[in-house]
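Working notes, structure below.
The values are calculated or read from the model by the stated rules, or taken from the named source; none is laboratory data. What you are looking at is a predicted structure, and each value in this text was computed from that prediction instead of being measured. Here the Cβ is made from the backbone with ideal geometry for all residues, glycine too, and neighbour counts use every protein chain on show.
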Amino acid sequence: MDTKNLKVVNRRALKMDALGLACGEPVFTDDVDLNGMLYGRILWSPYAHARIKNIDTREAERVPGVKAVLTYKNVPRVPHTTAGQGYPEPSPYDTYILDNKMRFVGDRVAAVAAETPEAAEEALKLIKVEYEILPAVFDTFEAMRDGAPVIHDEEDSKNIPDAKHNIAARFEFEVKNGKWFGDADFVVERTYRMPYLQHCAIEPHTVITSFDHFGRLVIRTSTQVPFHVRRIVAQALKMPVKKIRVIKPRIGGGFGSKQEILLEDVTAALSLKTGKPVKIEYTRRETFISSRTRHPAAVRLKTGVRKDGTITDAEMDIVLNTGAYGSHALTVMMCSGSHTIPMYKVKNNIKFTGRSVYTNLPVSGAYRGYGATQGFFAWESQMDIMAEKIGMDPVEFRKMNYIRLGEGSPVFKAMGEGREGVEQVITSIGLYDGIEAGLKAAGWQAKKEKYKGQTGPVRRGLGMACMMQGSGIPEVDMASATIKMNEDGSFNLMVGAADLGTGSDTILAQIAAEVLGVKAGDLVVYSSDTDLTPFDVGAYASSTTFISGNAVKKTAEKVRDMILAVGAKILGRQKEDLRLENGRVVAKDGASCGLSEVANTSLYYYDQHQIIASASHYAHTSPPPFAANFAEVEVDMETGRIKILDYVSCVDCGTAINPELAEGQNDGAVLNGIGHTLSEEMEFSANGTPLNASFRRYKIFNTADMPPIRTILIPTYEPNGPFGAKSVSEIGINGPLPAVANAVYNAAGIRLFDAPFTPEKVRAAIKNSKGKK
Amino acid sequence: MKKKTTGLEAVNGVFEISLGVNGAKRTFAVKNTEFLLDALRRYGYKGAKKGCDTGDCGSCTVIFNGKPALACLIPAFTAHGAAITTIEGLGTVRDPHPLQEAFVEAGAVQCGFCIPGMILSSKHLLDVNPEPSEEEIKKYLDGNLCRCTGYVKQIKAVKAAAKKLRGKGRVSGV
Amino acid sequence: MNHIKYYSFPETPGAALAGLLNRKTEAMAVAGGTLAAKTLPETVENFVDLKNLPLGYVKKRGGDLVIGATATFDAIDNSKLAKRWAGGVISAAAARCSSQLIRNMATIGGNIARPHSFNIFPAVLLGLDAKVRVLTKTGVKTIPFSALYQPEFRFRPGRDSLILEIIIPGKTRNWACRFEKFAKTEASWEAYLTLFMGIWMKAGVVKELRVAVGALSPRPFRAESAERVLSGAKLAPVSIDAAVLELGRDLDAARAGEFKKEVAVSLFKRFIKERV
């Protein structure tokens, strides 16, 4: 199969909402004004671990304009998870709308709704809280010790494997085919660390709740998971699902942080209490502290390798910091292994041990890369270390060991997301071509030669890394779509898939247009609204192109069938002899009629019916995209400053439905990963107070910082994907840490294990290595 | 001779200010605690976005007396007498500015939240420097953060717009 | 800001100062406002906006370079005069401040009015022997920049006095200078350290040398012992090594810590070696 004959898919198509966005149209959550809307504000815990002994809200309630003050005393207490995942969620049910126990600086104490933001602020100041301060724990290894403070000591939480040792999730898995490391010529064991990292979507989390003319609750929210929002809010507030409508307008980026029920429950509770529309909009500081983060990780990787390049054993032990609540504790941890270990063949033994641990720090959640980022930093650094041990070129070592077409891995079956996985084999892979294209684009050979034997204070080097991800969660993720035909031969495409800025509305329209023989612009896309669009798990796990795309393709095929049936009547031909092309039904003998004639016939003239269909899709496989990344760096040996001179990222995402948008996804993921590599890190005081919760002090890359980034798409054809497509959104973020670490080693002879690679750390590593020599 | 006023007085903490927004004379009633971004949004100019409220992300960029500035840092009452251009004043879906078209055509718009600010910064850059180098573009846009795109296609869009505008022989002046 | 009753936008420094000195209302002067507006003391009643003062210039006067207090970072960055002065170090420093949007708004006067470790200009002005003209109730005072943050200077610019302009002496015009902002990334807002280095040589002998260090504390300082070692000396490996050693001592005295000291020393060494 190939993409030669495609007319809309794999072709250029402008992102359909781009012009409105570029003109500043009021399309985001906060861009509407509702009459009588109240402003919600939340009081945050100043302590990392404390119990509310007393809370007095009387004075706050007396502030003019204040309409409601909520505490744990007057909201339902239902243990739930905030993670927007398939149901029942594999997460601990350890979260409450409001609780009498505070588990991190930034935990919710109370919520206020008032007629003005000022009145709400004033009320927050007047809430009197008496705390019993409890000992806090911030380090995952300390938190697991006997006698450590127990963060979830409440009786009614569910599904916490070992609350006494603060273990929010754990998983172990082993394949044993012989003596551990018995076959290895070298054994390498290293630990790789990543800190707290924030998504930094430029739009902060915003929710507006109101009521419709039936008195139903309407939640307008910046979410990646509208249907999970509806379910979880219903659960937490003990409401029937039918009483809730969730609208996802345009979203200002998410990257996983909006795969979470963060404000919807408490905003809804304020609306229910007051009977009025309520808006809560996070400040940037709140977004840093009280939304979600990437899980800080310590990954211990112990691998055995033979001189001939065979990887004999792999033991991966990951400890993640889930912060105060369990959210994505289990699934991120499992993905750190399931998305990484299958990348290379391991001959004998594989063992994975994972633990996600509660601490009194901000809550970790889903973040682009979803565990694979942590895992690949370890794996791809270790690949270079092993290659050096056996005296093999690191590129050749990877080429020799990466998983091939038709091959599987015991890991696929053993490890899913929160449960057993699904057996699968690789059905498309363009890694070899990706590596070759990258070597060429980076000028690898010539530069490697040129940079040999440098002695000056500023040295250059190259490094590379390979990676994979998934395309949705097999046998878990489900998406559906509805297509409805209009008089002029245009179509409404209604999808639950949540375009959060990725362009999924556009690529889904391209898929439908390809099937229906029309232009992408003939599809009017609407996403997403739980009243109007069919179910979709939402935008996460790199699932939209693959899962939602297939759902749209199936739906379009049903609609095509209905169109051809009407066309057959109009043209007096056999349905089997008809096809859709250029907005017309065309018969083999050349007879044809326009789609508007088909639509009008079906709506007005004959055997009247609406041409409309829905279809769903779920998959038994999650075909991984593959990528090879290449970094060229300059290391200042005297100051420790790393400069990335060039970054090439070659991605096999199958067929790129929209090449421009696919490139854009990867460019953005790469620069985000480069931020992780060189600068990003949330810092905390000794008592757990965040120190750099602002764009001023948590530095994300801007145009002046960015290195040249080149994305090269490597076309393959994935037989299970819509028109051969796989995912593209997450994989790019996994490359920069290991690729840059390897390049720094090549340039400066130092190995970095601790992200981000700040000048201070680099300088310390340089001094350390000199001390050893 | 009419004496020039050099001050305004608040009534109950509210200033009444006169200003020009997108070429139209407007009168705003603004609280003494209010910043220009909030006032603009309150008066319907939703194209200026609040991404941080601390002057660090650039989503609230407007052209303020001829220069791109951060509306979240400007006390609203200090906009008295100012001429402001918001993204709504640059172009519309029906009649977009070449920069808006170039951003769309280059695939530079992902979530779009930062785009109005980035386009306004680019607009001024091209007004003063019709043929900017890549380095000049990168320097000029360093206050407009974007987390989606990695800036690659946005820089491409500014270059394309520059070319287009040069072709027209002028940069549209607002 | 909820006590603000008056918004004044005077057109002369005298009128602005009168507003500040009016005892009936507590007043504060704000220029670019990028920092001040968000950190204005709650008690301020009169917001004195300096935007209309005719102080936005960068010009030559006598042999000196004179920068008006309300000149923005962007104006200084793009000033042809500043770009040619002392190897363009003042423009280069202006370009390293925060972001373009801040550079469009923030002024040099605002940047030096109060000491902060993140300010860009103080180290540069200290190193260039700049003078500051300040309007006070007793008239215009011209003081060395180095005196601005000293307790002996009893005025608080923006509250009871106004910075009018900054004078960069003509002798620095052809100095070889460099400004380094050493931060986590190219465009980080905060720096580990900023370093101004300026040198003037004649016939192979160092006539003038300035090493000013910023960002370590709110007030920048000159590494005077390092400067002394090379002043009047020829640049030779021995004298350079001695100066480097002294710079390390100066930084130790400022409690810079090992890492920042190493960085400063290597940047200094590179700068000096390029002069040999």
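Values as computed for the structure displayed
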| quantity | calculated |
| --- | --- |
| Boolean, A:S679 is within 14 Å of chain B (Cβ to nearest Cβ), touching a Pro at 6+ places or on another chain (Cβ under 9 Å), surrounded by fewer than 24 Cβ atoms within 10 Å (Cβ to Cβ) and hydroxyl-bearing (S, T, Y) | yes |
| A:D317 being of a type in the set (D, E), closer than 22 Å to A:F141 by Cα, touching a residue at least 12 places away in the same chain (Cβ under 8 Å) and in contact with a strand residue (DSSP E or B) (Cβ under 8 Å, 6 or more places away or on another chain) | yes |
| Which listed residue, of A:F412, A:F352, is surrounded by 20 or more Cβ atoms within 10 Å (Cβ to Cβ) and in contact with a Phe, Trp or Tyr (Cβ under 7 Å, 6 or more places away or on another chain) | A:F352 |
| Long-range neighbours under 7 Å by Cβ, at least six apart or interchain, first residue within 23 Å of A:Y96 (Cβ to Cβ) and of a type in the set (G, A, S) within the range A:53-72, second in a helix (DSSP H, G or I) and at pLDDT 95 or above | A:A60/A:A123; A:A60/A:L126; A:A68/A:L270; A:A68/A:K273; A:A68/A:T274 |
| Any hit, the range A:146-155, residues being more than 22 Å from A:S257 (Cα to Cα) and in contact with a Leu (Cβ under 8 Å, 6 or more places away or on another chain) | yes |
| Among the residues listed as A:D17, A:D31, A:D2, the single one being more than 14 Å from every other protein chain (Cβ to nearest Cβ), more than 24 Å from A:A123 (Cβ to Cβ) and charged (D, E, K, R) | A:D2 |
| Neighbours by Cβ (under 8 Å, 6+ apart or cross-chain): first from the range A:87-108, under 21 Å from A:V476 (Cβ atoms); second outside any loop (DSSP other than H, G, I, E, B) and small (G, A, S) | A:E89/A:A83; A:S91/A:A83; A:S91/A:A169; A:S91/A:A329; A:P92/A:A168; A:P92/A:A169; A:P92/A:A329 |
| Residues satisfying the stated conditions in the range C:4-23, i.e. within 8 Å of chain B (Cβ to nearest Cβ) and either in contact with a Cys (Cβ under 8 Å, 6 or more places away or on another chain) or more than 12 Å from B:T6 (Cβ to Cβ) (or both) | C:I4, C:K5 |
| Scan of the range A:289-335 for residues that are of a type in the set (S, T, N, Q) and under 24 Å from A:Q85 (Cβ atoms), ordered by number | A:S290, A:S291, A:T293, A:N321, A:T322, A:S327, A:T331 |
| Enumeration of residues in the range B:70-97 that are of a type outside the set (V, I, T) and within 11 Å of chain A (Cβ to nearest Cβ) | B:C72, B:E88, B:G89, B:L90, B:G91, B:R94, B:D95, B:P96, B:H97 |
| The range A:182-231, residues that are surrounded by fewer than 18 Cβ atoms within 10 Å (Cβ to Cβ) and over 30 Å from A:E683 (Cα atoms) | A:G182, A:D183, A:D185, A:F186, A:V187, A:V188, A:F211, A:D212, A:H213, A:F214, A:G215, A:R216 |
| A:G668 being surrounded by 24 or more Cβ atoms within 10 Å (Cβ to Cβ), farther than 21 Å from A:L508 by Cα and out of contact with any strand residue (DSSP E or B) (no Cβ under 7 Å at 6 or more places or on another chain) | no |
| Any chance C:R255 is under 28 Å from A:V635 (Cβ atoms), more than 19 Å from the chain's Cα centre (by Cα) and assigned to a loop (DSSP other than H, G, I, E, B) | yes |
| Among the candidates B:K50, B:K25, B:K67, residue that is within 13 Å of chain A (Cβ to nearest Cβ), of a type in the set (K, R) and at negative phi | B:K50 |
| Strands (runs of 3 or more DSSP E) enclosed by the range C:111-177 - at least 3 residues per element that are crowded, with 16+ Cβ neighbours inside 10 Å | C:131-136, C:162-168 |
| Residues within the range C:32-48 that are at pLDDT 95 or above and in contact with a strand residue (DSSP E or B) (Cβ under 6 Å, 6 or more places away or on another chain), tallied | 4 |
| Options C:K181, C:K261, C:K207, C:K269: the member that is of a type in the set (K, R), part of a strand (DSSP E or B), under 30 Å from A:A765 (Cα atoms) and not assigned by TED's automatic domain parsing to the domain that holds C:P122 | C:K181 |
| Residues located in the range C:184-204, provided they are assigned to a strand (DSSP E or B) and either of a type in the set (A, V, I, L, M, F, W, C) or within 16 Å of the chain's Cα centre (by Cα) (or both) | C:L193, C:T194, C:L195, C:F196, C:M197, C:G198, C:I199, C:W200, C:M201 |
| Residue in the range A:51-71 that is of a type outside the set (S, T, Y) and on the phi > 0 side of the Ramachandran plot present | yes |
| Selected residue (criterion: surrounded by the fewest Cβ atoms within 10 Å (Cβ to Cβ)) from residues of the range A:719-758 that are more than 14 Å from every other protein chain (Cβ to nearest Cβ) and of a type in the set (S, T, Y) | A:Y745 |
| Check on C:S79, buried (at least 19 other Cβ atoms within 10 Å of the Cβ), polar (S, T, N, Q) and facing chain B (nearest Cβ under 10 Å) | no |
| Criterion: more than 14 Å from every other protein chain (Cβ to nearest Cβ), crowded, with 20+ Cβ neighbours inside 10 Å and basic (K, R) - qualifying residue of C:R219, C:R210 | C:R210 |
| The range A:613-633: number of residues that are over 17 Å from A:A479 (Cα atoms) and either within 21 Å of the chain's Cα centre (by Cα) or in the same structural domain as A:F491 (by TED's automatic domain parsing) (or both) | 6 |
| Check on B:A102, more than 8 Å from chain A (Cβ to nearest Cβ) and surrounded by fewer than 24 Cβ atoms within 10 Å (Cβ to Cβ) | no |
| Qualifying position, being of a type in the set (S, T, N, Q) and either exposed (fewer than 15 other Cβ atoms within 10 Å of the Cβ) or under 20 Å from A:G517 (Cβ atoms) (or both), among A:S616, A:S592 | A:S592 |
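Every residue, every condition in (1) more than 14 Å from chain B (Cβ to nearest Cβ); (2) in contact (Cβ under 8 Å) with a residue 12 or more places away in the chain; (3) surrounded by 21 or more Cβ atoms within 10 Å (Cβ to Cβ); (4) closer than 27 Å to A:E142 by Cα, yes or no:
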| residue | (1), (2), (3), (4) |
| --- | --- |
| A:V233 | yes, yes, yes, no |
| A:K279 | no, yes, yes, no |
| A:R284 | no, yes, yes, no |
| A:S291 | no, yes, yes, yes |
| A:G304 | yes, yes, yes, no |
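Residue-by-condition table, conditions (1) more than 21 Å from the chain's Cα centre (by Cα); (2) touching a residue at least 60 places away in the same chain (Cβ under 8 Å); (3) closer than 19 Å to A:V648 by Cα:
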| residue | (1), (2), (3) |
| --- | --- |
| A:R697 | yes, no, no |
| A:F701 | no, no, yes |
| A:P707 | yes, yes, yes |
| A:I712 | yes, yes, yes |
| A:Y717 | yes, yes, no |
| A:F723 | yes, yes, no |
